[in-house]
Amino acid sequence: MNSKIQIHHRQKMAYIYLRQSTMAQVYHHQESTQRQYALKDRALELGWSPDQIRVLDADLGQSGTQMNNRQDFKTLVSDVSLQKVGAVFALEASRLSRSCSDWHRLLEICSLSGTLIVDADGCYDPADFNDQLLLGLKGTMSQAELHFIRARLQGAKRNKAQRGELRFPLPVGYAYGEDPGSVLLDPDVEVQNALRLVFTLFRQTGSAYGVVRHFEQHGLTFPRRAYGGIWNGKILWSKLIQGRVLGILGNPSYAGAYVFGRYRGAKSVSPDGHIQSKVQRQPIGSWLVLIREHHPGYINWDDYLENQQMLQQNQTNTPDQCSSGPAREGRALLQGLLLCAHCGRKLSPRYKGNGGIYPVYDCTRRKEDAHYSAQCVTIQADLVDRAVSDRVLEILRPEQIQIALRAVKELESRSQAVDQQWRMRIERLDYQAQLAQRRYEEVDPANRLVAGTLEQRWNDALVELKNVQAELHHTRQQQGLELTEEQKAQLQALAEDLPKLWKSQTTSSPDRKRMLRLLLKDITVEKCRAERKAVLHIRWQGGAVEDLPLDLPVSAPDKVRYPEALVNRVRTLAATMTDTQITAMLNQEGLLSAKGKQFTPNMIHWIRYRHDIPAPCLKYPGELTVNEVADRFGVQPGVVYYWIQRGHLPARRLQTGKPYWINLDVDKEAELRAWVAHSTRIKPLPTQNSAVSCAI
């Protein structure tokens, strides 16, 4: 009996902790597992009763480098800190932890709670200095052992990888040869052509999604290699997805390069304090081994680098991304090519109006930064697209015939590639049908159990072959995989006038965008709001720079606003002419209003009111108004109007509704005064004194 084990230790629980690093060790190294379970007998020998022994085996198959995924280890630490455990049994220190931080934390908690640690070598009291020193040394050696094991394994792998002989699962399209490090193309020509078609379509469409869409439109399938199960190592054909395309484009093996160390593990601390491990992709300069021209490739190394650059430019989820990106759907032709002259960020298309039929280019800073500047550019898409398209067509006019011929060859190559893929698929299915037929013919007819199954497989193969042939015929009719001589002639005739081809409804927006990306690198848009102008700083792919001025459209209020020249003309005429006379003068000169109509007196009156133009003063010197005449004779103004209407008082009036101007001579004044004096119906106006007396 060990003297370190006291009665109070046996009164508490004894925990048996089991752990192995991987599930493969659990399956294949069962002796180690049995040795750890045998620690329960050791606890019984040291005086613990069976009901006081708890076995913690949920961490079998978990690595001991950290405690994040080890639930039983967390339970052990928690119960030890609560002083529920008298002793912890483990085969060795590496079973408890291979991390010095976790190991020393457990030792410190055990020393505070008086918990013993028992392994195959003996019993230790962490509260004792010598035992604590020995346990700390064991934990350090356990962590160092893990480092030595990893260093030996990684060193051997790296040494073999530097010779290009380290084997790992090859991507679809390759197979290992007999010699060490020998990598050959897959002998199946259909698999090779499917991969070559992926790389060809990516250079044509500019995006992984474009490749997937082309496969989907033409009903093509793509090979994949099965791992595990009864189909292990076999080639299966299924639909192509975007993730597969990105994996193929990013794999340097297809460029004939042997690579080791393309991915590397990295650790980080999570917000809750746990250590997280993840695999990160390394840049090309950080790869441990890179052997070019190691094996035959589907593309060369330069094409691989260009593909990676295109994929990087296609990313739109980074704030500092200012590349054009792939050609997408939508009416905005310059999507991804425009930059704001104020902040340098991209102009993204925004589709506004009824159903988004009015595209505009808007600075992305307006959406990303709440403190965006009002100087950031927003401009109509149709205005910029029209100006740039006209400039591009003007430059390409001498090359129209060559462009047409290249377009015809491009369509022919696409049709031939798709048609060849279909022919090889039919050839493969035909071989499978013939193979099923031979197997059926070789079986003994009396063995009906086997013969019936083989006959069904033969029939299924024939049905699948017939369905694929019918699908190919339907695809030819729908997609037009072959160009007739008449279609070629029509295409060349249409291409002789490139503007018609550009504006044709059969030319899709992505095709126009791809053509623009072949010529344009980017365009910086600068707006001069005061002058109602914009300048397009065009940078061509060859490095040339050109400034293209552009007149901005007039705003809606400005469209109905009268020009300054017309206002000044009305101001000049209003000094001597009435509104009616001004209207007649402007209409006689053929001038039109802001809305394209003939002028009316109401329009002239509004112009004078809006621009503070006074009415003309056309009264002659010495002429009197009606009120002035009424005041002179001391009568009501109605009396004066009576005299004018009856012809007793001559007056001048320009037009109906305008005031009267009266020229009163001495004889007429004497006559009218006598009339007022002898009349019994005309009541004279009260004088000022009489008005005051009446008020009193």
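The values are calculated or read from the model by the stated rules, or taken from the named source; none is laboratory data. Treat the numbers as computed from the prediction; the structure is a model and nothing was measured. Positions of Cβ are backbone-derived with ideal geometry, glycine not excepted, and every protein chain shown enters the neighbour counts.
Here is how the numbers come out for the structure above:
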read-out: Residue satisfying all of: in segment 440-467; hydrophobic (A, V, I, L, M, F, W, C) and at pLDDT 75 or above; surrounded by the fewest Cβ atoms within 10 Å (Cβ to Cβ) among these; value: V463
read-out: Test: residue in segment 374-392 that is at pLDDT below 80, over 19 Å from L518 (Cβ atoms) and either surrounded by fewer than 19 Cβ atoms within 10 Å (Cβ to Cβ) or in contact with a Cys (Cβ under 7 Å, 6 or more places away or on another chain) (or both); value: yes
read-out: Pick from segment 596-651, criterion under 17 Å from L573 (Cα atoms) and among the aliphatic types (A, V, I, L, M), ranking: modelled with the lowest pLDDT; value: L618
read-out: Every residue from segment 589-609 that is without any contact (Cβ under 8 Å) to a residue 24 or more places away in the chain and not in a loop (DSSP other than H, G, I, E, B); value: P601, N602, M603, W606, Y609
read-out: Test set (1) modelled with pLDDT of 75 or more; (2) surrounded by 15 or more Cβ atoms within 10 Å (Cβ to Cβ) - W502 fails condition number; value: (1)
read-out: Filter result (at pLDDT below 80 and either surrounded by 15 or more Cβ atoms within 10 Å (Cβ to Cβ) or under 51 Å from the mean Cα position of the chain (by Cα) (or both)) within segment 565-578; value: T578
read-out: Per-region count, segment 48-71, residues assigned to a helix (DSSP H, G or I) and under 44 Å from the mean Cα position of the chain (by Cα); value: 1
read-out: When residues of segment 217-240 are limited to those that are over 14 Å from N193 (Cα atoms) and under 29 Å from the mean Cα position of the chain (by Cα), the one surrounded by the most Cβ atoms within 10 Å (Cβ to Cβ); value: L240
read-out: Any hit, segment 646-661, residues being of a type in the set (V, I, T) and part of a loop (DSSP other than H, G, I, E, B); value: yes
read-out: Residues of segment 217-244 classified as of a type in the set (V, I, T) and assigned to a strand (DSSP E or B), total; value: 1
read-out: Some residue of segment 653-660 being at pLDDT below 80, small (G, A, S) and either farther than 30 Å from N602 by Cα or touching a Gly at 6+ places or on another chain (Cβ under 9 Å) (or both); value: no
read-out: Among residues of segment 187-216, those that are surrounded by fewer than 19 Cβ atoms within 10 Å (Cβ to Cβ) and either among the β-branched types (V, I, T) or part of a loop (DSSP other than H, G, I, E, B) (or both), counted; value: 5
read-out: Residues of segment 78-116 classified as touching a helix residue (DSSP H, G or I) at 6+ places or on another chain (Cβ under 9 Å) and within 17 Å of D59 (Cβ to Cβ), total; value: 18
read-out: Residue in segment 73-84 that is of a type outside the set (G, A, S), surrounded by 17 or more Cβ atoms within 10 Å (Cβ to Cβ) and not in a helix (DSSP H, G or I) present; value: no
read-out: Candidates L146, L112, L134, filtered to the one that is assigned by TED's automatic domain parsing to the domain that holds E45 and either assigned to a loop (DSSP other than H, G, I, E, B) or over 58 Å from the mean Cα position of the chain (by Cα) (or both); value: L134
read-out: Residue match in segment 246-256 (condition: aromatic (F, W, Y) and either under 30 Å from Q71 (Cβ atoms) or assigned to a loop (DSSP other than H, G, I, E, B) (or both)); value: no
read-out: Residue in segment 280-299 that is of a type in the set (S, T, N, Q) and under 21 Å from N69 (Cβ atoms) present; value: yes
